[in-house]
1. Using the structure shown, decide if Val168 is within 16 Å of ligand 2 (Cβ to nearest atom) and not in a loop (DSSP other than H, G, I, E, B).
2. Condition test on Pro11, is it out of contact with any Pro (no Cβ under 7 Å at 6 or more places or on another chain), at pLDDT below 95 and not small (Gly, Ala, Ser)?
3. Let me spell it out: the conditions are (1) away from ligand 2 (no atom under 16 Å from the Cβ); (2) within 27 Å of Cys71 (Cα to Cα); (3) over 15 Å from the mean Cα position of the chain (by Cα), and Leu174 meets all of them except one. Which number is the exception?
4. Tally the residues that are near ligand 1 (Cβ under 9 Å from one of its atoms), β-branched (Val, Ile, Thr) and closer than 16 Å to Ala183 by Cβ, restricting the search to segment 19-66.
5. Considering only residues that are over 25 Å from Gln16 (Cα atoms) and at pLDDT 95 or above, which ones fall in segment 83-106?
6. Provide a single number: the residues in segment 55-78 that are within 10 Å of ligand 2 (Cβ to nearest atom), crowded, with 21+ Cβ neighbours inside 10 Å and within 18 Å of Val106 (Cα to Cα).
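The values are calculated or read from the model by the stated rules, or taken from the named source; none is laboratory data. Here the structure is a predicted model, which is why all the values come from computation and not from measurement. When we count neighbours, we look across all protein chains shown, and the Cβ atoms used for this are built from the backbone with ideal geometry, even at glycine.
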Amino acid sequence: MQATNGAAATPDRETQLPRIRVAGLTKRYPMPAGDVQALRGVDLAVQAGELVAVMGPSGSGKSTLLHILACLDRPTSGQYWLDGTPVSKLSVRQLARVRNRRIGMVFQSFNLLPRASALENVTLPLLYAGVTGKPAEERAALALAAVGLAERAQNHPNQLSGGQQQRVAIARSLVTGPAIILADEPTGNLDTKTSEEIMAILQQLNQAGATIVLVTHEPDIAAYCPRIVRFADGQVAEDVPNPTPRQASAAPVRDAAEGVA
Ligand code: ADP
Ligand code: MG
């Protein structure tokens, strides 16, 4: 049964429906030199509360899949159900709402607005959701505190390290309380220690209930995830549990606690 009231109030773990399910997903990019077949029939289900790494060589279709999961792009063929709802049936308005409320997106290159402060960057999805003024600022400040950046709220991106910028981007992705976080190579521009801090935050969000799909080509990063899906040539080549996921050090969380105390 599908809840018709606020989706955030749905007891997701009890519905049994996969949070994400795709079947026979294909994506073809028409190009002058010949079409590129980026996805060749992807079948995948992700349950609420999972933390999944999607690995695979460059060009194997990982980002294409993530963009479709984020409702930023449509498949050429195949089906995508989000909490049991066929995404292809959603109107443009409903899609925009899903993107804003249900899904948080994190990118390798952070994608922050350079002329806006950390706080303003994090506030942006709230403005799109119709939350403005003091309530928006307070929620954005809480999201920044959750990633250990309470004291950097007024800094602009160029006044922050790469790791701090990615933490701002994560705060922006979670400020509307999305059920799903999709991260495309979130540690791709970061050193090992900073990557571990980012993974600590993602593991913490996952433990708090977020469903996370994380694209990475680094085995060290996938090792933090209890499930690893391997892509090859636009298809799922392997989908295996990782029974002993690494636990990332939780230093940023302590920062966050100090920041709000
Ligand atoms: P990955 O993230 O695994 O590196 P991508 O999903 O980015 O792979 O790309 C898969 C294939 O689709 C590649 O051959 C890539 O060049 C092609 N591709 C991706 N995006 C586009 C696009 N917007 N237009 C044309 N081809 C694209
Ligand atoms: Mg990619």
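1. Judged against the criteria, Val168 is not a match.
2. yes
3. (3)
4. Count: 2.
5. Val106
6. Within segment 55-78, residues that are within 10 Å of ligand 2 (Cβ to nearest atom), crowded, with 21+ Cβ neighbours inside 10 Å and within 18 Å of Val106 (Cα to Cα) number 5.
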